[in-house]
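To keep things clear, I will list the structure first and then write my remarks on it.
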Amino acid sequence: MTGDELKALLGRAGLVAAEHWRTEEVLPARAAWRRITAAAAHTPTPAVRADQPAKIDAGWHQLALAHGLFDADGVFLIDVEGDRPARRPRSWTRVRLGPGWGLARVLAERAGPQPEFITMPVGGDLVLGVTAAGGGKVRITVVERLADRVEADARAAAEETPDQRAAAWESLFEEPPPSPRLRALWANGLGGNPAAPDDLRIALLERSDYLSYLPQPPAVVAAALAHESWAVRGAMAEYQRGLTGEQRARQILAEDDPRRRAELVLLAAGRRGAELPAAVPERLAADASPLVREQVPGLAGLPGALLAALATDPDARVRAAACGPAWPHLDEEARRSLLEDPDGAVRAAALLRHHEDRPMPRSVFEAERFTVDAVANCRLERDLAEWLADTRPEQRRVLAGNPRLHRELVLRLGADPEPLVRLQASVHPVLTEEERAGIDFPRDLIRRGLDWVEDLRDDPDALRRLAASAHPVVRSAVARVGRLPADVVERLARDEDRVVRLFLAESCEDAPAEMLLSVWRWWTGSFSHPGVPHGHRNFPRRDLLRYADDSSPRMRRLALDDPDSTAELVERFGRDPAEEVRRRAASDPRLSAASAVRLLSDPHEGVRYEAARHPRLPARTMADLLRDPESAQEAARHPGIPVAVMRRMAEATPERVPR
């Protein structure tokens, strides 16, 4: 059920949504369902006929009032999905009863003759639910003292004997037997299990997405690259990081289908760190398929003679692709031949490259109907450039980034009425720092690298000058260069702009410890740099216990990194009021088994995720996670599953998870 479907359902039932979605600081809805269904099966609560919705609603409402379900504003929490497979995770919704409400009838109309829902007070410690009792009846059940029950169950689960552990693993395969969907979820997760042996991973290549995305042992990579299924071969080539040029070359040369071979060459061209062996591009340049030859000019490290030969290829698509990379290696006759090529795409590619060195007149621009490529990169005759400066804002912004533009026009664009045009002009390499400072550019800007600053990486004096620029984008670009003179690092580490300091943390190996710690106060990592600043080699590792009682949760969690931190501190942090501190404790191997189990019932998904990966989880708890379709896939990644159990879990699994 989508959010809109849920809102419509609650509206038909006369329940008014109290506010937007949030993570409620209570037992998660999924865990609350389990508590209610288990209690309903073992308590003598009278059953109510399911075809009497008014009586169901009245019985629920009576118990709700008796147990203080509603807060002062009449608000409470509800989940109506039931303990059945669903497309969305169970989650609480804040609602209040509206005039003429009638929940049971509306739920019966949608989900069948036996309406099911659970409710909980906001911030409360009990759950009240209506669940199917069989025989056309439902049962209204209350479970109180939830926190005490979670604690007691966690302690009991942690006291596991060897016999109980063995029985737990065996229970995975007992009646009712695992469904095809559950087995498929297991297989997908097992592919991401770091303890899975190579032969099991290879057997799962067609059944687990993780095997392409996560780093794999050499035997698994070799098997995937030579697999009979193109889906496996292609995914491994596209997503597996660290493939060598030799591995890519073997796969390319073994591929029979020219379209797939071309795709593999394209992938190799995009991985600059893995050049193909020298003889391989020669073979690919002579490939029978122009689709393959067209991709060869994009490969790194090609000799000039090979590029020049590709520029004379009989297929126009190959000549057009080779034109730019080959241009510096061509004599005047070869260049003229491309400029006069009978194919329009080849002529256009040649003209674009030709006019990087010689100014392009307006007549050529208009005759060839050039657009962004010419505006961004070509050397333009003055009248063409000035004409473009009067066109639409998007084109003026591209023009302002043209590195070959003359200073007067850049300054003119620096006074443009459009803020993004002024911003682009303000970082042009032709400007002096005084001219740059005189441009009114927007301050709420997205940072990016600047190629012209990167080109100055070996000029320490230029880097010193630019590190003092009044422009934060220029200083950010310097910070991203990587290796910098010590005085430049020191200056940027004290920069008033925190994004400059962040880029220094992400790119500079010499970033100072105190600056990294200051960046940590507001930044914990990005998709491109997930371990920065915490994973930086200079990040402080000692004297972090001083933050154990810091008011900032982000700083408190650092205390567990100190080598003098204790298991007692881990346990204390496992009960910290801040979600991110509990999440850090849940990832600590010193956390007790009981606390790991307890944190599986944390309100926050991130904490539950870390707790589900904890090495001390009891087998009985892991078996419960593996039996639940909502957690089975991630649970199958737990390295604590015995290999023999993994092999049984992978048996008779369909190729893909049924959707």
**Report entry** Selection status of Asp588, under 23 Å from Pro603 (Cβ atoms) and touching a residue at least 12 places away in the same chain (Cβ under 8 Å)
**Finding:** yes
Requested in this report: Would you be able to say whether some residue in the stretch 602-624 is crowded, with 17+ Cβ neighbours inside 10 Å, more than 22 Å from Ala157 (Cβ to Cβ) and either in contact with a Gly (Cβ under 9 Å, 6 or more places away or on another chain) or β-branched (Val, Ile, Thr) (or both)?
Outcome: no
Query raised in the report: Is there any pair linking a residue in the stretch 629-643 that is at negative phi and part of a loop (DSSP other than H, G, I, E, B) to one that is open to solvent by less than 50 Å² (accessible area, probe 1.4 Å) and of a type in the set (Phe, Trp, Tyr), with Cβ under 7 Å and at least six apart or on different chains, and which?
Result: Ala636/Trp186; Pro642/Trp169
Query raised in the report: On the given criteria, is Ser229 in contact (Cβ under 8 Å) with a residue 12 or more places away in the chain and in contact with a helix residue (DSSP H, G or I) (Cβ under 6 Å, 6 or more places away or on another chain)?
Result: no
Query - Condition broken by Gly82, with the remaining ones in (1) open to solvent by less than 20 Å² (accessible area, probe 1.4 Å); (2) at pLDDT 90 or above satisfied - result: (2)
Query - Hey, Val220 within 26 Å of the chain's Cα centre (by Cα) and open to solvent by less than 40 Å² (accessible area, probe 1.4 Å) or not - result: yes
Report summary line: Given (1) modelled with pLDDT of 95 or more; (2) part of a loop (DSSP other than H, G, I, E, B); (3) among the hydrophobic types (A, V, I, L, M, F, W, C), Phe173 misses just (1)
Query - Every pair of residues 6+ apart whose Cβ atoms lie under 6 Å, when the first sits in the stretch 506-528 and is at negative phi while the second is open to solvent by 30 Å² or more (accessible area, probe 1.4 Å) and not in a loop (DSSP other than H, G, I, E, B) - result: Met515/Arg501; Val519/Arg501
Requested in this report: Out of the residues in the stretch 28-44 that are without any contact (Cβ under 8 Å) to a residue 40 or more places away in the chain and of a type outside the set (Gly, Ala, Ser), state the one that is surrounded by the fewest Cβ atoms within 10 Å (Cβ to Cβ).
Outcome: Pro44
Query raised in the report: Which of the residues belonging to the stretch 451-480 are open to solvent by 10 Å² or more (accessible area, probe 1.4 Å) and either hydrophobic (A, V, I, L, M, F, W, C) or touching a strand residue (DSSP E or B) at 6+ places or on another chain (Cβ under 7 Å) (or both)?
Result: Trp452, Leu456, Ala468, Ala470
Report task. Report yes if some residue within the stretch 131-148 is out of contact with any strand residue (DSSP E or B) (no Cβ under 7 Å at 6 or more places or on another chain), assigned to a helix (DSSP H, G or I) and under 30 Å from Val75 (Cβ atoms); otherwise report no. Result -> yes
Query - Output for the stretch 531-577, where each listed residue is assigned to a loop (DSSP other than H, G, I, E, B) and of a type in the set (Ser, Thr, Tyr) - result: Ser551, Ser552, Ser565, Thr566
Report task. Could you figure out which of (1) out of contact with any Phe, Trp or Tyr (no Cβ under 9 Å at 6 or more places or on another chain); (2) assigned to a strand (DSSP E or B) isn't true of Ala152? Result -> (2)
**Report entry** Residue ID - surrounded by the most Cβ atoms within 10 Å (Cβ to Cβ), chosen from residues in the stretch 411-426 that are hydrophobic (A, V, I, L, M, F, W, C) and not in a loop (DSSP other than H, G, I, E, B)
**Finding:** Ala425
Report task. State the number of residues belonging to the stretch 101-114 that are surrounded by fewer than 13 Cβ atoms within 10 Å (Cβ to Cβ) and either under 33 Å from the mean Cα position of the chain (by Cα) or at pLDDT 90 or above (or both). Result -> 0
Requested in this report: Considering only residues that are touching a residue at least 40 places away in the same chain (Cβ under 8 Å) and in a helix (DSSP H, G or I), look in the stretch 45-79 and name the one that is surrounded by the most Cβ atoms within 10 Å (Cβ to Cβ).
Outcome: Ile56
Requested in this report: Can you work out which of the residues in the stretch 375-403 that are loosely packed, with under 15 Cβ neighbours inside 10 Å, of a type in the set (D, E, K, R) and not in a helix (DSSP H, G or I) is nearest to the chain's Cα centre (by Cα)?
Outcome: Arg392
Report summary line: Filtering the stretch 115-160 down to residues that are more than 23 Å from Gly68 (Cα to Cα), buried (at least 19 other Cβ atoms within 10 Å of the Cβ) and under 35 Å from the mean Cα position of the chain (by Cα) yields Ala154, Ala157, Ala158
Report task. State yes or no: is Arg181 open to solvent by 20 Å² or more (accessible area, probe 1.4 Å) and farther than 22 Å from Arg272 by Cα? Result -> yes
Query raised in the report: Which members of the stretch 230-242 meet the condition of being crowded, with 19+ Cβ neighbours inside 10 Å and either part of a loop (DSSP other than H, G, I, E, B) or charged (D, E, K, R) (or both)?
Result: Arg233, Gln240
Requested in this report: Return the total of residues in the stretch 35-61 being modelled with pLDDT of 90 or more and either closer than 22 Å to Trp92 by Cβ or basic (Lys, Arg) (or both).
Outcome: 8
Query raised in the report: For Ser551, are the conditions met, namely being without any contact (Cβ under 8 Å) to a residue 40 or more places away in the chain and buried (at least 21 other Cβ atoms within 10 Å of the Cβ)?
Result: no
Report summary line: Within the stretch 418-444, residues being of a type outside the set (Asp, Glu) and more than 14 Å from Ala400 (Cβ to Cβ) number 4
Query raised in the report: What tally of residues in the stretch 444-472 results from selecting those that are touching a residue at least 12 places away in the same chain (Cβ under 8 Å) and closer than 23 Å to Glu418 by Cβ?
Result: 11
Query raised in the report: Do you know which of the residues in the stretch 571-600 that are surrounded by fewer than 24 Cβ atoms within 10 Å (Cβ to Cβ) and of a type in the set (S, T, N, Q) is nearest to Leu558 (Cα to Cα)?
Result: Ser587
Report summary line: Counting only residues that are of a type in the set (Ser, Thr, Tyr) and surrounded by fewer than 19 Cβ atoms within 10 Å (Cβ to Cβ), the stretch 207-217 contains a total of 1
Query raised in the report: Quick check, is Arg447 more than 26 Å from Val375 (Cβ to Cβ) and either surrounded by 15 or more Cβ atoms within 10 Å (Cβ to Cβ) or among the β-branched types (Val, Ile, Thr) (or both)?
Result: no
Query raised in the report: Has the stretch 407-425 got any residue that is more than 27 Å from Ala320 (Cβ to Cβ), without any contact (Cβ under 8 Å) to a residue 12 or more places away in the chain and not small (Gly, Ala, Ser)?
Result: yes
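The values are calculated or read from the model by the stated rules, or taken from the named source; none is laboratory data. The structure displayed is predicted, hence computed values, not measured ones. Positions of Cβ are generated from backbone atoms using ideal geometry, with glycine treated the same way; all protein chains shown enter the neighbour counts. Only protein heavy atoms, including side chains, enter the accessible area calculation; ligands, DNA and RNA are left aside. Shrake-Rupley method; radii C 1.70, N 1.55, O 1.52, S 1.80 Å.
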